[in-house]
Structure formats: structure tokens, C-alpha cells
Amino acid sequence: MSYEFPPGFEWGVATAAYQIEGAIAAGGRKPSVWDTFSALPGRILQGATGAIACDHYHRYAEDVKWMAELGIKHYRFSLAWSRIIPDGRGSVNETGIDFYRRLLDCLQHYGITPHATLFHWDSPQALEELYGSWQSRDMAQDFADYATAVVSRLGDRITSWMTINEIVCFTHIGYDVNRIPVHAPGTSVASLKQVWQTSHHALLAHGLACQAIRAASPGPCSVALVDNFVPTVPLTESAADIAAARQAFHLHGTNGGILEPALTGAYSPALLAQLGENAPEIRDGDLAIVHQPLDWIGFNSYFGTYARAAETPAGYEVLPFPQGYPQLNMPWLHFVPDCLYWGIRHLSETLNRPDLPVRVTENGCAGQDSLTEAGEVLDSDRILFLRQYLRSAHRAIQEGYPLQGYFAWTLMDNFEWAYGCDRRFGLLYTDYETQRRIPKASFHWYRECIRQNRVV
Ligand code: NOJ
């Protein structure tokens, strides 16, 4: 099999503001919850913060040159809310906007199309102090106002918008019951209901922002949500296991309470029954706001969970990973290449949205990368990982699913949240001492895929 992709398939890379920009006090930016959180002792591995990260704020031109060198035509990045509206609501900091204008002009110079995420977890600290961030319904309206501010200023340069990245990661991992949450803002709450309330508010923010983007855009644009739902992968592709995987999908992780309402207009009834009094308060009209028409969906694909038919009351079981199952350098990053194909198929079949174009907005892995004496990074593990996931993407296209593009995570090693700078996901190796970028073997390999428009 030659694993060739259709003409026009979009090859890209993805990044996020807090993970690469640094320059946290430059040009009028004020703190985000991640600045506050990462400054707390013990929260981030080796005490790292995003204060400098890859210093992309100052080095964006070099970084865009690397993108051109890689041969990508599509770049997904995020905008920092607290650079643009430093207090979270109220006046717009035009200096912050100017930074993104410079970046966008540079991308345009190299013929690279920008795809912008409005929110990748770094909400303004001011709103945390004002009303506890996502605990408050007010956050949704403030986010929509921020969307209006951005799109009315940058809509001449950006037409591909994503509202929010991975709702679960700043809600169910940022707020927790009886445990210290692993992500910012790191708030302990009294009940699971309160946790679900934060993700419900984020869904509202997504819905209001879709409306705001369309209203503010000076020309036609496309709008998407980016989610890291967890695909249930049938253990065998027998009809019974496939049916089991479809059934299991709704109750797995937060699938039925985040992706499902966004794409279908209703929380999974099975999930609501399971949550009982822990279900969020959903006011009249909320689901209509949450369920906005989307032009495409962004799928961040990393791992999945195996499911099979079984004689349980539900008729299926979800399987734990056996001891020694292949895994990359993150506790959650099991090697499940088929999850990319099954994720796309579930969107079509299980959530009944075969109409919705898909982009894989992230896919990648952390390795224990190091420089050889000759100055190379020989990350054959990353090549293995990406090659197999891309083959799975190819299968989805072969079978007629509407996959349009693929963004590798990530351009360069960066601030990996609670894991600081210890876990390297980049195609470029970042030498944090000198800020030198060094292409890894996977960079050369991915460039060849792009050049040949197939998995090599
Ligand atoms: C998904 C997140 O969007 C991104 O910020 C993170 O670095 C990667 N997963 C890897 O953990």
C-alpha cells in the first residue's frame, strides 16, 4: 500500500500560546491562571513555568522559517486572552493584537494558512479573582466578548477559527473533588456536580463564541470546536465488538457530556442517568446555545480504550491496558494507532454526524529525546508513532470519512503543562539554554511525508 493522501490534503503542525510564547509581561500582557498555578511550589515538574518557554514571542520569525523548511501549508496556534484583554474583560490591548499581526504577516509571507484557537487553557487571572473562572456562568459571556474583540481585529488575516481546545483539560482536570487538581486554576470543589458545571459553562462559552465569531468576521469564515474525546476501539472488528464500542463511547471519559452535547444538542441520556444529582444545572435554552452549527470539528488524537461485547448488564466491557502495553513517555499515552480511525468513525456513526468535516488538530508523542555526540536527535520512536497514526488517518479517508487535514503536535519541544519542560513532543528539539531549535529525525521524516503527500 502506498498510503497516498488525496490532493489538497492539509499537512500542518500545531502549537499553543502559553506553551511556546514566553514573554509573560511583555507588551501589556497580564497573568493567566497558568502563570499563577505554575508559580506554586510542587505543581509543575522541576518547578518549570511558561515565563520564557520557547521565547516564541521574540523568535516567531525564525519559527515560521522552520515551518516553511518543513513544508507545511497549515499552522494551528492559539491566541493568549490575557495578552489581548489583560483584565479578562474590558479594554483591548492593541499591543497584544500587534504581536499576532506580525506573526500572521510572517505566515502569509511563506504561504502558510493560519488556523487560530481562541482559547488553549490560559484564561486571565483577573477573572479567576473576580468570579472563580469557569465556576461562573459569566465566563461564557466574557469569552464571547473576547472572541468579538479578536475576530473584529484579526478577521482580515484569519478565516479558520477554533473556539476552545480540549474542554476537559481545564475543567475536569482544573477543578477536582478531594484531590489537588493537576491543571490550573487548580481549585478543589465540593462536588462532582460543580466540576460538571465548569464544563457546562465552557460549552456555553463555545456556543456564544461561535455566534460572536460569525457576527464579527468581516468575510466568510469557518468555525470549529477542538476536542480530545476518547475513542472506544473494538477489540476485534466483529459486528458484536463494534456495536459494543459504539455503546461504550457515550459513557467513556467525558465523551457524552462534552463532545456529544456540542455535536448533537443533548447530553448522553445514559451519562445523565449515571450522574444523577451530580449532573450540571442546564437552563432552558442552554443546549441550543451549545449546539451551534459547526463547519468542521477538530480531533486531538492521542490514545483510545479497547472495548468488546460481554455478558455484563450493559452488554459490553471496557478493557484495562495489560501490564507492559506499549506506551510513550507520558503516563496516559498508550500506543493505540487505531484510535484515530475509530475516533473519526464514531463521529460519523455513533454521533451521527457523517456530514461534519474533520481535521486531526493534534497528534504526537513525548519521547526521551536527547542529542547524540554528532548533535542529532534520532527519535525513531516518534517516527513509529506518527507513521502508524497517519496510516490510520489514511484508512479513514480510504473508507470515505471526511478527514481534511492533519496537524502534528508539535512544532518544537515546549512547556508541557504539569510536566514542565521534561516531556518533549516537538519535531524540533528545543535547547532551552540557548533557544536553539534542532530538527529531529522525525522532522525530516515528516517533511518527506508532506513532500510525497503520503505516509513514508
Ligand atoms: C493536548 C493539548 O492540547 C496540548 O496542549 C498538550 O501539549 C498535548 N495534548 C500533549 O499533552
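General observations
- Packing around the peptides 441-453, 278-290, 157-169, taken as the average count of other Cβ atoms within 10 Å per residue, puts them in this order, highest first: 157-169, 441-453, 278-290.
- Relative contact order of segment 1-85: 46 percent, from C-alpha pairs under 8 Å at least 6 residues apart in sequence.
- Taking a Cβ cut-off of under 12 Å around Glu94, the surrounding Lys, Arg, Asp and Glu residues balance to a net charge of +2, with basic ones at +1 and acidic ones at -1.
- Look at where the Cα atoms of segment 211-226 and of segment 283-308 average out, and the two centres are 18 Å apart.
- Inverting the pair-averaged 1/r between distinct Cα atoms of segment 9-57 gives 11.9 Å as its Kirkwood hydrodynamic radius.
- A simple spin-label model places the labels of Leu371 and Ala288 6.0 nm from each other, with each point 7 Å out along Cα-to-Cβ.
- Mean sequence separation of contacting Cα pairs (under 8 Å, at least six apart), scaled by the length of the chain, corresponds to a relative contact order of 18 percent.
- Taking the centroid of alpha carbons for each part, segment 262-277 and segment 41-84 are 36 Å apart.
- Each label was represented as a point 7 Å from its Cα along the Cα-to-Cβ direction; for Asn453 and Met330 these points are 3.1 nm apart.
- Largest first and in whole Å, the equivalent-ellipsoid semi-axes of segment 310-456 read 31, 20, 13, each the square root of five times a Cα gyration tensor eigenvalue.
- Cross-link partners of Lys73 among aspartates and glutamates (Cα-Cα below 19 Å; sequence separation of 8 or more within a chain): Glu4, Glu10, Glu62, Asp63, Asp105, Asp156, Glu362, Glu448
- Approximate shape of segment 85-150 as ellipsoid semi-axes (Cα gyration tensor, √5λ), whole Å, largest first: 27, 12, 9
- Its residue count N fixes a reference of 2.2 N^0.38 Å for the chain, and the Cα radius of gyration divided by that reference is 0.92.
- Rounded D (µm²/s) - segment 16-112, Kirkwood Rh over Cα pairs, Stokes-Einstein at 10 °C, 1.306 mPa s: 111
- Computed from the Cα positions only, the extents of segment 82-224 along the three principal axes stand at 51, 26, 26 Å, in decreasing order.
- Anchor Lys440: lysines whose Cα lies under 18 Å away (excluding residues fewer than 8 positions away in-chain): Lys65
- Projecting the Cα atoms of Thr264, Gly343, Pro114 onto the charge dipole of segment 10-452, computed from C-beta unit charges around the Cα centre, puts Pro114 farthest toward the positive end.
- Charge tally in the Cβ shell below 11 Å around Phe229, where Lys, Arg are +1 and Asp, Glu are -1, Phe229 excluded: -3
- For segment 128-182, with +1 on Lys and Arg beta carbons and -1 on Asp and Glu, the positive-most of Ile164, Val177, Ala140 along the dipole: Ile164
- Adding -39500 (n - 2.57) for every DSSP H run of four residues or longer, then dividing by how many residues the chain holds, sets the calculated 222 nm ellipticity at -11000 deg cm²/dmol.
- Highest-first arrangement of 235-244, 419-428, where packing means the average Cβ count within 10 Å: 419-428, 235-244
Readers should treat all values here as calculations from the given coordinates under stated rules, not as data from a laboratory. This one's a predicted model, so the numbers in the text were calculated from it and none came from an experiment. Please note: Cβ atoms are built from the backbone with ideal geometry, for glycine as well, and neighbour counts cover all protein chains shown.
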